[in-house]
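Engineer: One structure, pasted below without further comment.
Read-outs: derived from the displayed coordinates by stated rules, not from any lab. The structure displayed is predicted, hence computed values, not measured ones. When we count neighbours, we look across all protein chains shown, and the Cβ atoms used for this are built from the backbone with ideal geometry, even at glycine.
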Amino acid sequence: RAKSAGGNRYELADPEADARVITRHGLTTALPAALERGEFFIEYQPLVHLGDGGVRGAEALVRWLHPQHGVLGPDRFIPLAEHTGLIVPLGRWVLEQSVRQARAWRERYGDGDGGAADPLRINVNLSPCQLTHPGLVQDTVEILERTGVAPDALCLEVTESALIGADDGLLKPLRQLAEMGVDIALDDFGTGYSNLANLRRLPVSVLKLDRSFTQSMQRFPADPVDLKIVEGIVSLAHSLDLSVTVEGVETGAQADQLRVLGCDTAQGWYYARPGPPEHLHDLALADATG
Ligand code: C2E
Ligand code: MG
Ligand code: MG
Ligand code: MG
C-alpha cells in the first residue's frame, strides 16, 4: 500500500484484499495435504445427444471440500495447482477416478457389445501443465489398463488457448493418445484467437463451443450474425470430421436453436447441473426406460 508523504505511516490494507491474499496463499500451501487427505471430489455433468435426447456420457469436474471454506470450485484452486505443479498428481487422480466411474457405468449399462444402450463415455479436462508433463501418455495408458476401460470411452478436453502456437513437441502426446483411440476435444472453442485453419493440424475430434455462443442464443430473436457464425463453425467442423458439443445450455429454446444449427451434443443446466455419479445413473436410466 502507498506510503503517505512525509512520514512513517502506512495506510491500512484493504482487509478484504488481505483476506484474499491470505486465502490464496493458504489454499496453495494446503493443496498437497488436501490431495493426501482425500478432500477433492468429482462431480459429473451429463453430455446429451441433441438428436435423440439420450445421455452419451459426462464431463468430470473437480471440487475441493475444504475443511474451513466449504466446497471450492476449480476456478479457485486449479490455477494455484498449476502454479505449484500439484496439477500433475491432482490431474492424474481426477483421470483415474473418472475412468473408474466410467467403468462402473459400463458395468451397469453394458459396454456396447451386448449391452443395453450405447456405453457412457467420460470427458476429463487436461491442464496445459499436464500436456507438457512427460508422463501423460504412459499414465493414461496405465490407468486405462488398470481399470479395463477401452480408450474410446475416454475424451480428454484441452482448451484452445493451451494449443495456441503448439509445436510438434506439444502435439505429439496428443497424437499418440488419439492414435490409441482416445478422443481429444478442443474446449472453450471460440474464446481465444480461434484459428480455423489451424484446426486441421490438431489431433482433435470434438469441438466444444464455448458457453458465450450458447448465451447469444438466449435473446429472441437471436442475432442473425451470431447464428451465421455458429452455423459456419458447425459446418466447418463437420467437414473436418469433428463433432460439435455446446456448453452452457440453460433453456429448451437454446437447445432447439442449437439443434437446428446442426450441433451434435449439448451440456448445461437445462439437462442437469454437475452432480454425484448416481445422478447420472438416474438420468440414463430414465432415458433407457423412456
Ligand atoms: P470447462 O471445462 O469449460 O467446464 C464447464 C464449466 O461450465 C463447468 O464449471 C460447469 O459447471 C459450467 N457449466 C456447465 N453447464 C453450465 C450452464 O448451463 N451454465 C453455466 N453458467 N455454467 C455451466 P466448473 O465446474 O466451475 O469448472 C470450471 C473450469 O475448471 C472448467 O471449465 C475446466 O476448465 C476447469 N476444470 C474443472 N475440472 C478440472 C480438472 O479436473 N482438471 C483441470 N485441469 N481443469 C478442470
Ligand atoms: Mg471442459
Ligand atoms: Mg469448456
Ligand atoms: Mg467453458
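Engineer: Rg and Dmax in Å for segment 68-177, alpha carbons only: what are they?
Structural biologist: Considering segment 68-177 through its Cα atoms, Rg and Dmax are 15.4, 48 Å.
Engineer: Turning to a different aspect of this structure: For the chain, state what percent of all Cα-Cα pairs lands in each successive 10 Å bin, counting from 0 Å until the bin that includes the largest distance.
Structural biologist: Percent of Cα pairs in each bin: 6, 25, 32, 23, 9, 3, 1, 0, 0.
Engineer: What is the Cα centroid distance between segment 233-272 and segment 177-215, reported in whole angstrom?
Structural biologist: 13 Å
Engineer: Quick one: net charge of ILE78's neighbours, Cβ under 15 Å, K/R +1, D/E -1? List each step's numbers first, then the result.
Structural biologist: Working: positive: ARG24, ARG63, ARG76, ARG92; negative: GLU39, GLU43, GLU59, ASP75, GLU82, GLU157, ASP187, ASP188.
Spelling it out: positives minus negatives among the neighbours equals -4.
Engineer: Rank by packing, highest mean first: peptides 274-281, 88-95, with packing defined as the count of other Cβ atoms within 10 Å averaged across residues. Intermediate values should be presented prior to the final figure.
Structural biologist: Working: 274-281: 16.0, 88-95: 20.0.
Packing order, densest peptide first, comes out as 88-95, 274-281.
Engineer: Helix-only mean residue ellipticity at 222 nm, the chain, DSSP H runs n ≥ 4 weighted -39,500 (n - 2.57), per residue, nearest 500. What is it?
Structural biologist: -14000 deg cm²/dmol
Engineer: Net charge around LEU202, counting only other residues with Cβ within less than 15 Å of its Cβ (Lys, Arg = +1; Asp, Glu = -1)?
Structural biologist: -4
Engineer: Rounded, prolate or oblate for segment 142-290? Axes are the square roots of the Cα gyration tensor eigenvalues, ordered a ≥ b ≥ c, and the cut-off for rounded is a/c under 1.5.
Structural biologist: Here segment 142-290 falls in the oblate category.
Engineer: Considering only the other residues whose Cβ falls under 10 Å of the Cβ of GLU247, what net charge follows from Lys and Arg at +1 and Asp and Glu at -1?
Structural biologist: -2
Engineer: Moving on. Can you give the Kirkwood hydrodynamic radius of segment 143-190 from its Cα pairs, in Å with one decimal? All intermediate terms of the calculation are to be shown ahead of the outcome.
Structural biologist: Details: mean 1/r = 0.0860 Å⁻¹.
With all distinct Cα pairs of segment 143-190 included, I get 11.6 Å.
Engineer: Amide H of GLU59 versus every other amide H placed in the peptide plane: which residues, excluding those fewer than 5 positions away on the same chain, fall under 5 Å?
Structural biologist: Here the answer is GLN45, LEU47, ASN123, since their amide H atoms fall under 5 Å of that of GLU59.
Engineer: Treating each Cα of segment 224-282 as an identical point scatterer and ignoring solvent, apply the Debye formula and state log10 I(q)/I(0) at q = 0.19, 0.20, 0.29 Å⁻¹.
Structural biologist: Log10 of I(q)/I(0), two decimals: -0.72, -0.77, -1.18.
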